[in-house]
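The values are calculated or read from the model by the stated rules, or taken from the named source; none is laboratory data. The model shown is predicted, which means the values in this text are computed figures rather than measured ones. Quick reminder, even Gly has a Cβ in these numbers, built from the backbone with ideal geometry, and neighbours come from all protein chains shown. We work out accessible area using only protein heavy atoms, side chains counted, and drop any ligands, DNA or RNA first. Shrake-Rupley method; radii C 1.70, N 1.55, O 1.52, S 1.80 Å.
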Amino acid sequence: MESLASTVSFLEQEEGWRHPSAFLWRAEVADRLDLLLLGAHDEVLKARAIGLIDAMEAIDGEGFASIRDAIRNGDGRAALGPWLDVGIPSGQHYDVLDHVLAGVLAIGEPDVEQPAPPPGMVFYQPTPARHIIDGVSRARIVDSDVVLDLGAGLGHVPILVNVLTGARTLGVEREPAYVAQAMEAARGLGLHNVNIDAGDARDADMSGSSVLYLFTPFVGTVLRDVVAKIEQQARDRCIRVITLGPCTRTFARMPWLRSDDPVPSAVDRIVVFHSAPG
């Protein structure tokens, strides 16, 4: 079995993890070192391992700062270019792109007064970044769109969609602490076309949005009421509804929506619906 000593010796000689773009390698190796440090007793060896972890965090920090600068200069899409080929994403796990996005946004853990969601709401779970990229591509979001995230959480979707497309992005989120953190991150990146409000999705102003996004933020009667409100918008104009997770099956049953995407895989991949007004 791989030992702490052999891992540390290997990493001290290896240069690959020091490359600025080697985020995944550093993330995996740092996790491995943390695990191997459990129960270690050799103080000198522990110090060498911790020194490697600190070096990895410093390199990551420089990389995150570089991407933040690119976003502020309007070059965010190019800076994220190495991770934009997501293929056919599936599952709701997180990967290296989420690690990068978390480092760039640098959003702290919000102080939530009532952690348990009220009836009809679900616990917050960020959309994996590869699904956001997939949705942007397949829904053909462009800078003239207005994208509304219903259940925006910490703002990953509005922020990343704006960076990738230049579209105006909006969000509604019931938890004010999440909204405050998301807006601080957006303003820190100079993203003035991102706006997230605290409130109930059932009361959201959808009138100016051309794209609506939901990562199953609610269920039951709350979802029913939100679907009904979206249907009202779809009667008069063409809109796109992007979904991920179990709520996709609810939207798939709506006769006023159509999709060319395979709904049986809805839990694992973004599905894009188009309205048929009239």
### Task
Say whether the condition of being open to solvent by less than 20 Å² (accessible area, probe 1.4 Å), under 16 Å from the mean Cα position of the chain (by Cα) and without any contact (Cβ under 8 Å) to a residue 60 or more places away in the chain is met by at least one residue in segment 69-84.
no
### Task
Scan segment 196-234 for residues that are farther than 18 Å from Val157 by Cα, assigned to a helix (DSSP H, G or I) and of a type in the set (Gly, Ala, Ser) and report the count.
3
### Task
Give just the number: which of (1) over 23 Å from Asp203 (Cα atoms); (2) out of contact with any Asp or Glu (no Cβ under 7 Å at 6 or more places or on another chain) does Ile239 not satisfy?
(1)
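Tell me, yes or no, whether segment 124-146 has at least one residue that is of a type outside the set (Lys, Arg), modelled with pLDDT under 95 and open to solvent by less than 60 Å² (accessible area, probe 1.4 Å). Steps first, answer last, please.
So in segment 124-146, the residues of a type outside the set (Lys, Arg) come out as 124-129, 131-137, 139, 141-146.
When the remaining residues are screened for being modelled with pLDDT under 95, the result is 124-126.
In the following step, the residues that additionally are open to solvent by less than 60 Å² (accessible area, probe 1.4 Å) were identified as 126.
Yes.
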### Query
Among the residues of segment 33-47, is there at least one that is open to solvent by 30 Å² or more (accessible area, probe 1.4 Å) and within 22 Å of Pro82 (Cα to Cα)?
no
### Query
In segment 56-68, what residues are among the hydrophobic types (A, V, I, L, M, F, W, C), open to solvent by 20 Å² or more (accessible area, probe 1.4 Å) and in contact with a helix residue (DSSP H, G or I) (Cβ under 8 Å, 6 or more places away or on another chain)?
Ile59, Phe64
### Task
Looking only at segment 60-76, decide whether some residue is over 14 Å from Ala129 (Cβ atoms), in contact with a His (Cβ under 9 Å, 6 or more places away or on another chain) and either of a type in the set (S, T, N, Q) or not in a loop (DSSP other than H, G, I, E, B) (or both).
yes
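Give the residues of segment 85-105 that are part of a helix (DSSP H, G or I), touching a helix residue (DSSP H, G or I) at 6+ places or on another chain (Cβ under 7 Å) and open to solvent by 50 Å² or more (accessible area, probe 1.4 Å), sorted by residue number.
Keep residues of segment 85-105 that are part of a helix (DSSP H, G or I), which gives 96-105.
Those left that are additionally touching a helix residue (DSSP H, G or I) at 6+ places or on another chain (Cβ under 7 Å): 96-101, 103-105.
The answer is His99, and nothing else.
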